[in-house]
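The values are calculated or read from the model by the stated rules, or taken from the named source; none is laboratory data. Just so it is clear, the model here is predicted, and its values are computed rather than measured. Here the Cβ is made from the backbone with ideal geometry for all residues, glycine too, and neighbour counts use every protein chain on show. Areas reflect the complete protein model, heavy atoms only, side chains present, ligands, DNA and RNA absent. Shrake-Rupley method; radii C 1.70, N 1.55, O 1.52, S 1.80 Å.
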Amino acid sequence: MSDPRFAILGDIHGNGPALTAVMEDARGRGVTAWLCVGDIVGYNAEPSECVDRIREVAQATVCGNHDHYCAHESSLEDFHPLAASVVAWTRRQLSEEQVDYLRGLSLVRMVAGFTLVHSTLDMPDKWGYVFDALEAEANFNCQTTSVCFYGHTHVPVVFERDQRTRRTGYRVLKLEAGRKYFVNAGSVGQPRDGDPRAAYVVYDLKSRVVELRRVAYDVAKAQERIRAAGLPERLAQRLSLGK
Ligand code: ZN
């Protein structure tokens with residue numbers, strides 16, 4: 001069997017049109033296996049559809065904070081108010097079975113010699129954000145594989161550690177032996193790096209090349225669905241801005 005070519009999808013956040021476009025793009029790129037770094041739900045209007053589609057294709061999925069809060073009746077005190085307002089709505093859209101599925105997701109998964117986590121490996125259940133090299137160091141101290149893919153910040157960057165830790169943007173990244181990489185796969189459903197196109201990663205295991213893909217999708221349709229569902233207008237607007 002040939003080596004797998006992975007599509008790594010994260011922070012889909014119930015954005016059906018973005019997920020459709022990304023999956024089509026990935027099929028065109030010869031992807032043979034699907035992985036998800038969490039946050040299938042939250043913010044956008046099609047959580048139930050997105051859960052079903054990820055469940056159907058993904059070989060491994062880790063739990064995101066939105067997945068967690070939508071699957072547990074826990075307090076939303078430390079959640080951003082805009083995010084919290086969508087949690088109750090999202091819970092009502094999900095079936096019992098879908099909630100059970102989200103509840104059963106692990107925080108960390110190993111696949112084919114690399115790692116998946118939503119936030120950071122040092123405290124995956126605290127949902128810390130890794131934006132700078134210092135935060136990435138804490139993660140690297142717990143990272144036993146050479147590469148780990150993550151999500152959560154919705155900003156596709158890579159932290160690379162050899163003698164020291166560097167943070168860079170990337171498009172096509174060749175993984176070098178003897179180094180560690182903490183790679184953010186970007187966000188399918190709510191990009192926050194100023195580029196409104198959906199983002200995901202193709203990882204070719206054999207050539208050890210990570211490619212960041214940006215895919216234009218029907219933003220207007222996703223916005224229409226947010227408005228039709230009565231979700232906050234700001235959630236529709238930010239999709240056009242990529243913020
Ligand atoms: Zn997210």
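The fraction of all Cα pairs in the stretch 11-106 landing in successive 5 Å bins from 0 to the largest distance is 3, 14, 27, 25, 17, 9, 4, 2, 0, given as whole percents. DSSP beta bridges confined to the chain are antiparallel in about 65 percent of cases. To the nearest 500 deg cm²/dmol, what mean residue ellipticity at 222 nm is calculated for the chain from DSSP H runs of n ≥ 4 alone, each contributing -39,500 (n - 2.57), summed and divided by the residues? Calculated mean residue ellipticity at 222 nm is -9500 deg cm²/dmol.
For the peptides 180-190, 196-206, 161-171, the ranking by packing is 180-190, 196-206, 161-171, with the highest mean count of neighbouring Cβ atoms within 10 Å listed first. For the pair E176 and F131, label points projected 7 Å from Cα toward Cβ lie 2.8 nm apart. Among the protein heavy atoms, those of L76 account for about 50 Å² of accessible surface (1.4 Å probe, every chain in place). In this structure the stretch 5-241 gives 41 Å² per residue of accessible area when probed at 1.4 Å with all protein chains present.
For the set L102, L82, the ranking by accessible area, highest first and with no ligand, DNA or RNA atoms included, is L82, L102 under a 1.4 Å probe. The alpha-carbon positions of the chain define a convex hull whose volume is 112 Å³ per residue. Protection proxy ranking of 111-119, 87-95, by the mean of other Cβ atoms within 10 Å over each peptide's residues and highest first, is 111-119, 87-95.
Highest average first, the peptides 50-62, 128-140 ordered by how many other beta carbon atoms sit within 10 Å of their residues are 50-62, 128-140. Charge tally around T61: other residues with Cβ under 15 Å, Lys/Arg +1 each, Asp/Glu -1 each, net -2.
Give me the percent of accessible area attributable to carbon and sulfur for the stretch 5-241, probe 1.4 angstrom. Whole-percent figure for carbon plus sulfur exposure: 49.
Charged side chains reduced to their Cβ positions (Lys and Arg at +1, Asp and Glu at -1) give the stretch 101-194 a dipole of some 180 debye around its Cα centre.
Rolling a 1.4 Å probe over the protein chains gives S207 an accessible area of about 50 Å². The phi-based Karplus calculation (6.51 cos²θ - 1.76 cosθ + 1.60; θ = phi - 60°) puts the 3J(HN,Hα) values of the stretch 145-158 at 9, 6, 10, 9, 9, 9, x, 6, 7, 6, 10, x, 9, 10 Hz, whole numbers, x for Gly and Pro.
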